[in-house]
Number of protein chains: 2
Amino acid sequence: MTDEQPDVPSPRVRQIVAAARELVEEEGLDALSMRHLADRLGIRAPSIYKHLPDKRALEHALISATFEEQAALFEAALAGSADPLGALATAYRDFARRHPHLYRLMTQRSLDRDRLNPGIEERAAQPMVQALDGDRDLARAVWAFAHGMTILELDNRFPADADLDAAWQRGLDALRP
Amino acid sequence: MTDEQPDVPSPRVRQIVAAARELVEEEGLDALSMRHLADRLGIRAPSIYKHLPDKRALEHALISATFEEQAALFEAALAGSADPLGALATAYRDFARRHPHLYRLMTQRSLDRDRLNPGIEERAAQPMVQALDGDRDLARAVWAFAHGMTILELDNRFPADADLDAAWQRGLDALRP
DNA sequence: ATCATTGGCTTACACCGTTAGCCAACCTCA
DNA sequence: TGAGGTTGGCTAACGGTGTAAGCCAATGAT
């Protein structure tokens, strides 16, 4: 019967998460250390623990915020598009290219759902299901394809001369219902 | 005009890489530290540096060996199958399930191609191209799909009640030429 | 017999996440 | 007004990480 984490973070927590986001976007995931983050805030690393229980909590707060942002983008892409799936795929890829470190943070580990804003994963996934007329199996396949293309591109796993636009197109055309 | 890394590792290096593999398979990626590895070898961590220049080199040696193993499996799956793409997908997924930590090691960062066995990436990718009659764009799309399904499954990103067999099937059927 | 190479070793450095415990400033309430 | 509790800083420290420097015994070649 103990309380859960409060769903509304304090202003200070929001400041800390915002600083963490800047740090990650500017210097990459490896630069996200408690000491480095504390430097940006003008405090010492242990003080962060007055606001967040550990580093994973910080990461999950940042991931939650990024999911919110992604969800809004996806919903906007979907709204009134003649080609919902294509619009969604473009929005997905663009977000990852604009925020490669955040994208990695969101996707490269498994995450504790209890520490995320409740329902946010589902909200971010919903537009894809909708674009595929409620076919969840197909939506999962398309999500896997999009994530695979995205992370392999970010990680430079494709040959240098690969035509990724073409690969995206081939995949989407095949998966389109 | 300096020499490259010798392509044939010394016996001691092969011992070290073999110990690293056991460590990773038994205890997971996070357990792969130079000190932990040294323990298994009955030596001290700095001694490893007499054989390998740094940890990334160790990881790349392990990744190279794993690529070799994967390539052999894929070639075998392809040989004389009535459904080459299906056989390949099954081999791909099975390998990752049997060796989740190795699969993560291979895929979760970008890699220095200079430190890999030359040509091994291409050899591991070749069966997929062949199964798709030389269509490289489509092969890349299928690879992205397979990797996406695999890593999202390993990281528990799908809802607990998701029917992943069905999602695989839907994706493969759509992408089959 | 000498000398170089190999492959161990210890020590040490700078970084990491995190805990313990101290204390000043502030808020609340009698 | 004064007392007491809460908040949010701080320092010091622990055990972990990758890795560099330098010492030395055993081995092998000239």
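Where a number appears in this text, it was derived from the coordinates with a stated rule and is not lab data. Remember, predicted model here, so these are calculated numbers, not experimental data. Neighbour counts are summed over all protein chains in view; Cβ atoms, including those assigned to glycine, are modelled from backbone coordinates with ideal geometry.
Each copy carries A:Pro159; placing its label point 7 Å along the C-beta direction from Cα gives inter-copy distances of 4.0 nm, listed from smallest up. The rotation axis that maps chain A onto chain B passes nearest to the beta carbon of this chain A residue, listed with its distance in whole angstrom: A:Gly148, 2. Each Lys and Arg contributes +1 and each Asp and Glu -1, all at the Cβ; summed about the Cα centre of the range B:11-175, the dipole is approximately 900 debye. Restriction of the chymotrypsin sites (Phe, Trp or Tyr not before Pro) in the range B:17-108 to DSSP coil positions whose beta-carbon has at most 16 other beta-carbons within 10 angstrom yields B:Tyr49. If the chain linking B:Asn156 and B:Ser10 were pulled fully straight, counting 0.36 nm for each residue of separation and taking away their Cα-Cα distance, it would gain 48.7 nm. With each label modelled as a point 7 angstrom along the Cα→C-beta vector, the B:Asn117-A:Asp165 pair spans 3.7 nm. Each of B:Ser33 and B:Ser81 was given a label point 7 Å from its Cα along the Cα-to-Cβ line. The distance between the two points is 4.0 nm. Site pair B:Ala18 and A:Ala18 shows an inter-label distance of 5.7 nm when each label is modelled 7 Å from Cα along Cα→Cβ.
Across every pair of non-identical alpha carbons in chain A, the mean reciprocal distance, once inverted, gives a Kirkwood radius of 17.7 Å. What FRET efficiency comes out for B:Glu68 versus B:Arg97 if R0 is 25 angstrom and r is the Cβ-Cβ distance? Round to the nearest 0.05. E between B:Glu68 and B:Arg97, to the nearest 0.05, is 0.85. Around B:Arg170, what is the net charge, scoring Lys/Arg as +1 and Asp/Glu as -1 over all other residues with Cβ under 9 Å from its Cβ? Combined, the nearby Lys, Arg, Asp and Glu give -2. Only helices enter the 222 nm calculation for chain B: every DSSP H run of n ≥ 4 contributes -39,500 (n - 2.57), and dividing by all residues gives -21500 deg cm²/dmol, rounded to 500. Across the range A:11-175, the relative contact order, built from alpha-carbon pairs under 8 Å that are at least six residues apart, equals 22 percent. In summary, the protein assembly as shown shows an alpha-carbon radius of gyration equal to 1.07 times the 2.2 N^0.38 Å reference for compact globular proteins. Label-point spacing at A:Tyr49 relative to the other copies reads 3.0 nm, in ascending order, each point sitting 7 Å out from Cα along Cα→Cβ.
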